Each structure stands twice: as C-alpha cells, then as structure tokens.
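The values are calculated or read from the model by the stated rules, or taken from the named source; none is laboratory data. If you're wondering where the values come from, they're calculated on a predicted model, not measured in any experiment. Glycine gets a Cβ as well: all are built from the backbone with ideal geometry, and neighbour counts include every protein chain shown.
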Amino acid sequence: MAPSPLLSVEDALARILASAPAPLAAEDVALEHALGRRLARPLAATRTQPPCPVSAMDGYALRAADIAQAGAQTPVSLKVIGASAAGHGFEGRVEAGEAVRIFTGAPVPDGADCILIQEDARAGEGTVDALVSEPAGRYVRRAGLDFSQGDALLDAGRLLGPAELALAAAMNHPCVPVARKPRVAVLATGDELVRPGAQPGRDQIVASNNFAVGAYARLAGADVIDLGIAGDDFSALEAAIRRARDAQADVLVTLGGASVGDHDLVQTALAREGMELGFWRIALRPGKPLMHGRIGDMRILGLPGNPVSAIVCAVLFLVPLVRALTGDTDAGRDPSRPALLGADLPQNDQRQDYLRATIASDGASLPVATPFTRQDSSMLGVLAKAHGLIVRPPHAPPAKAGDPCRFVPL
C-alpha cells in the first residue's frame with residue numbers, strides 16, 4: 001500500500017488555526033500594563049477631544065471682522081481684556097474691539113473666532129496692535145477635531161502600541177479590555193538533553209529549543225510555562241503532560257520524540273493521556289514530523305527535536321496560533337515577502353522548503369535572498385546568521401540567481 005500523501009503547510013496551518021476559532025476570554029488591564037496586548041472589544045471615546053474650541057498657537061483671541069483691514073502700514077488696535085491659558089480659560093466674552101491674550105491649548109473665549117499669532121501682533125499697555133488680517137477659524141482647533149464622544153476609534157483585535165495607549169488614555173479609559181494571554185507550556189524531551197550550565201556527557205547535548213520556542217511564544221503574546229526536560233520514559237512524560245493540564249495551559253508544545261523510533265515516546269504518551277490526534281507529518285523541510293492534536297481544551301503542538309526544525313515550525317505554526325488566541329484577525333496571513341534569489345537553486349521535491357538565507361537590500365530594488373550552502377537542520381550557527389527563510393514550494397522548478405522568490409523574515 002502506498003503511503004498517504006503528506007499534509008501541505010497551508011492545510012496544516014488551517015487546521016491549527018481552526019483549533020482557535022475565537023480569542024480567549026477578555027480581561028480588563030490597566031493602561032500601564034496593556035502594551036503589546038490586543039483589544040477584546042472595540043473601544044469608544046467617553047468624551048469629546050478637544051471638548052471646546054482651543055487655540056493652536058500663542059497669540060490673541062479676537063473677532064476676525066475687527067481686523068479685516070489690518071496690515072503692517074494700517075495696524076488695528078484692540079483692547080486686551082484678559083488672558084486664557086490651558087486649564088485656566090477666560091470666563092468672559094470678547095466683544096467688538098476687544099482681544100484676549102491666549103496660549104496654545106487654551107479655550108477660545110466666547111465671541112472670538114480666530115487667533116492672531118503673537119508674531120503678527122504688537123503688544124502695548126493694555127492694548128495689542130494687529131499687523132495682519134486673519135480669516136474666521138484661523139488657528140482655532142474646533143471642538144471634536146480629534147474625536148467626539150461615542151466614536152469607536154480602536155477595533156477589536158487591535159494591537160496596543162504606544163500610540164494606541166495614548167489614544168485610549170485621551171478617550172478617558174484607565175483600563176482596557178484585552179484578550180487573556182495564552183498560556184503556552186513548553187516541554188523538552190529526550191534522555192540526551194541537559195540544562196545549560198550542566199556538564200553534558202559524551203552522548204548528551206545542551207537543551208536549546210525550549211529557549212527559542214518559548215521566546216517566539218512570548219513575542220507573539222503568550223505567557224510561557226517551562227515544564228523542563230522529560231526523559232524517554234512514559235511516567236516522566238505523562239507527569240509533565242499532567243502538569244501542563246494542571247496549569248491550565250492553552251497550548252502544550254513538546255520538543256522532540258514525536259517520530260517513530262524506539263525512543264520516540266511522546267505521541268504514545270500523549271495518546272495515553274487522552275490526546276485526539278489531528279495530524280502528524282507534513283510536507284515541510286525542515287519540520288516534517290510536526291504533530292497537532294488536543295487534550296480537552298489544551299491544544300497540542302509536537303515539534304521536531306532538531307533545533308532548526310523546531311524553530312521553523314514555531315515561526316510557521318506556533319506564532320500564528322498564539323496570535324489567533326489573542327484575537328489577531330491577521331494571524332493566518334502569509335508572512336512572506338518578495339525578493340530576488342542570490343544563488344541558483346535546484347528543482348525541489350514534494351516538500352515545501354524553508355532555506356536559511358541572508359537578506360540584503362540596496363533600497364532601490366527588491367532585496368536579494370541568498371541561501372546558505374549548508375542547510376542541515378541541526379545547525380543553529382547558520383540559523384543565527386540568517387535574516388530570513390526562502391520559501392520553495394513543492395516541485396518548484398530549478399531557479400537562477402536573479403529569479404523572483406519569497407522569504408519569511410526572521
């Protein structure tokens with residue numbers, strides 16, 4: 001019997017995102033803790049900004065009709081009857097022949113309809129001479145120029161950066177509703193692994209995948225639970241899986257042990273703990289042994305053990321899943337960008353390839369993506385030098401340097 005065809009990268013991502021059909025439950029957080037979070041609901045203004053007409057410049061508030069004939073040779077003299085400053089507006093009314101000294105951001109007094117900037121005025125003793133004319137509305141910020149009460153200015157799913165936080169504050173929201181951070185539990189597996197700082201045996205290596213995968217999850221908006229290292233032992237694996245469930249993890253990421261060797265026990269341990277398998281193995285290089293499933297409400301992503309394979313799978317699948325759980329409506333959007341090849345490439349086979357590459361740009365044309373000669377999935381040194389991953393679709397024909405391509409930024 002012929003082996004069943006491998007699942008495509010696109011279909012694998014679609015199934016993973018389908019396991020997050022809606023954002024996680026909302027919670028209210030103070031503005032000072034909301035940076036990098038996504039809004040769970042639209043945010044509307046609770047006030048009008050500015051709440052009344054205010055001056056855009058330092059100068060004098062007056063009636064435009066009073067200085068319609070003003071000029072350098074024909075100045076118009078007005079009586080100064082008070083001052084208006086931000087937070088201390090003038091309470092009276094400006095009548096014909098009168099002016100109020102005003103400062104930027106201060107309320108424009110009733111009766112005044114324009115601002116004569118101080119550079120075009122000559123101050124006297126209780127008077128001011130207008131040296132130019134100005135139309136009505138000049139240098140006046142009307143009420144509601146920025147927004148009005150009830151305006152919905154920030155949509156659900158919006159990532160809250162510095163500008164969004166400033167806008168929410170201006171709308172008078174001390175707290176904002178955001179999707180709860182996904183809890184991502186990361187479990188490294190294998191008898192060969194030791195923690196950084198330990199002295200590895202001759203047949204051991206230092207665990208590294210958990211640091212990169214956890215970092216990608218955090219950057220995407222998750223809280224990460226480090227489950228440590230579980231050896232190739234069913235009791236250790238099952239205990240770690242239960243710890244993830246006890247911690248109410250939304251996603252459990254396992255690293256290694258998901259293949260079919262005698263010591264690859266992760267998939268069996270997950271099945272013994274009740275995992276419903278979604279798929280296993282996809283048409284991807286590096287990263288073919290990717291596994292997806294769920295145990296109750298906890299989604300499972302089984303990543304390969306080779307470092308580059310694990311990291312590529314984290315970029316392609318874990319990051320979009322975390323973003324979807326936070327309410328990002330663009331979580332499944334293609335992250336690749338156009339470029340030109342910097343080297344010849346042979347015909348590809350049935351798996352979609354992600355080649356580590358340098359990305360160089362002169363600013364005048366498309367960037368040039370040059371793949372490294374060595375693409376072994378164990379080589380973190382090459383990955384650390386890479387700026388992106390050249391995407392080679394299945395069965396892509398041979399390509400020459402200068403041909404168009406696409407790359408995923410790292």
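Tabulated data for the structure shown
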quantity	calculated
From the options Pro404, Pro346, Pro393, Pro320, residue that is in contact (Cβ under 8 Å) with a residue 12 or more places away in the chain and in the same structural domain as Ser309 (by TED's automatic domain parsing)	Pro320
In the stretch 310-354, the residues that are in contact with a strand residue (DSSP E or B) (Cβ under 7 Å, 6 or more places away or on another chain) and among the hydroxyl-bearing types (Ser, Thr, Tyr)	Thr326, Ser336, Tyr354
Test for Gly302: is it touching a Ser or Thr at 6+ places or on another chain (Cβ under 9 Å), within 22 Å of Ala249 (Cβ to Cβ) and surrounded by fewer than 19 Cβ atoms within 10 Å (Cβ to Cβ)	no
Index of the failed condition, Asp226 passing every other in (1) at pLDDT below 95; (2) surrounded by fewer than 22 Cβ atoms within 10 Å (Cβ to Cβ); (3) within 25 Å of Val308 (Cβ to Cβ)	(1)
Residues that are touching a strand residue (DSSP E or B) at 6+ places or on another chain (Cβ under 9 Å), farther than 15 Å from Gly305 by Cα and either in contact (Cβ under 8 Å) with a residue 60 or more places away in the chain or not in a loop (DSSP other than H, G, I, E, B) (or both), drawn from the stretch 262-281	Ala269, Leu270, Ala271, Glu276, Leu277, Gly278, Phe279
Flag for Arg285 being surrounded by fewer than 23 Cβ atoms within 10 Å (Cβ to Cβ), modelled with pLDDT of 95 or more and not assigned by TED's automatic domain parsing to the domain that holds Val391	yes
Count - residues of the stretch 84-103 that are surrounded by fewer than 19 Cβ atoms within 10 Å (Cβ to Cβ) and under 14 Å from Ala121 (Cβ atoms)	1
From the options Glu27, Glu95, Glu32, Glu91, residue that is among the acidic types (Asp, Glu) and under 30 Å from Ile295 (Cα atoms)	Glu27
Single condition Ala324 does not satisfy, out of (1) in a loop (DSSP other than H, G, I, E, B); (2) of a type in the set (A, V, I, L, M, F, W, C); (3) under 14 Å from the mean Cα position of the chain (by Cα)	(1)
Among the candidates Leu62, Leu7, residue that is at pLDDT 95 or above, of a type outside the set (S, T, N, Q), over 30 Å from Asp113 (Cα atoms) and surrounded by 14 or more Cβ atoms within 10 Å (Cβ to Cβ)	Leu7
Those helices (runs of 4 or more DSSP H) lying entirely in the stretch 144-246 with at least 3 residues of a type in the set (Lys, Arg)	234-246
Residue match in the stretch 246-262 (condition: at pLDDT 95 or above, more than 25 Å from Leu316 (Cα to Cα) and hydrophobic (A, V, I, L, M, F, W, C))	yes
Breaking point among (1) of a type in the set (Ser, Thr, Tyr); (2) more than 28 Å from Asp353 (Cβ to Cβ); (3) not in a loop (DSSP other than H, G, I, E, B), for Thr329	(3)
Which listed residue, of Ser378, Ser336, Ser361, is touching a residue at least 60 places away in the same chain (Cβ under 8 Å), over 24 Å from Glu10 (Cβ atoms) and hydroxyl-bearing (Ser, Thr, Tyr)	Ser378
Top-ranked residue of the stretch 346-362 - restricted to ones that are of a type outside the set (A, V, I, L, M, F, W, C) and outside any loop (DSSP other than H, G, I, E, B), ranked as surrounded by the most Cβ atoms within 10 Å (Cβ to Cβ)	Tyr354
